[in-house]
Amino acid sequence: MGLDAIDDGDFYLSRCRANRHVVTMNAGEVGQVRLNGKISKVIIDATQSAYSSGSGTNLGRFQLKMDVDDGDGAQLQYFDQITGLNYSGGGSDQVIYLEVSQGANQGTANSKNGMHFSVSAPTTGSSGGGTFNEPASWNGLVCGLVTIVCDTASGTLNAANTIRVIIYLE
């Protein structure tokens, strides 16, 4: 795993700034980077990725996980898993641009929506007398050691190839 970062430290100190972290991982492996702030954009570059077994163009998945575990020892995730990405190394949409869109809604069926990152609540949860069973947009906040997961729903990625994840952080 390689890391190329433009970063001025771990603290906001009441000023506006942007940081870029470029994490290069062998395909099928996880990456880690220490972040403290608010992610505004994630770019996944899978142009150098390929399958070693299995095939398919829209089987890629993406997650960011916290350095905090639940009671069963599994890492908590920052947002719902993103699926249907092309990690095949061929075809279109191998560079994926994802935006954090606070306040965006999921939209209706068959519509384009602006929410790339979402957080789902249990379908039985309620507040103020109403059930909150719709996904909410993720606010982009991260803190601590963030684990980056790029894997597939089926098949195996070739570990000799790489995937780059570029994170823009405020």
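The values are calculated or read from the model by the stated rules, or taken from the named source; none is laboratory data. Note that the structure is predicted; figures quoted are calculated from it, not measured. Cβ: placed from backbone, ideal geometry, glycine included. Neighbour counts: every protein chain shown.
Things worth noting here:
- The combined condition, being among the aromatic types (Phe, Trp, Tyr), surrounded by 12 or more Cβ atoms within 10 Å (Cβ to Cβ) and at pLDDT below 90, is fulfilled by TYR51.
- Among the residues making up segment 129-163, those that are closer than 26 Å to VAL68 by Cβ, surrounded by 20 or more Cβ atoms within 10 Å (Cβ to Cβ) and touching a Ser or Thr at 6+ places or on another chain (Cβ under 7 Å) are SER137, TRP138, GLY140, ILE163.
- Filter result (modelled with pLDDT of 75 or more and acidic (Asp, Glu)) within segment 117-156: ASP151
- Tally, over segment 131-159, of residues that are part of a loop (DSSP other than H, G, I, E, B) and more than 16 Å from GLY90 (Cα to Cα): 10
- All positions within segment 17-49 that are assigned to a loop (DSSP other than H, G, I, E, B) and in contact with a strand residue (DSSP E or B) (Cβ under 7 Å, 6 or more places away or on another chain): ALA18, ALA27, GLY28, ALA46, THR47, GLN48, SER49
- Residue satisfying all of: in segment 93-116; hydroxyl-bearing (Ser, Thr, Tyr) and either surrounded by 15 or more Cβ atoms within 10 Å (Cβ to Cβ) or more than 21 Å from MET25 (Cα to Cα) (or both); modelled with the highest pLDDT among these: SER101
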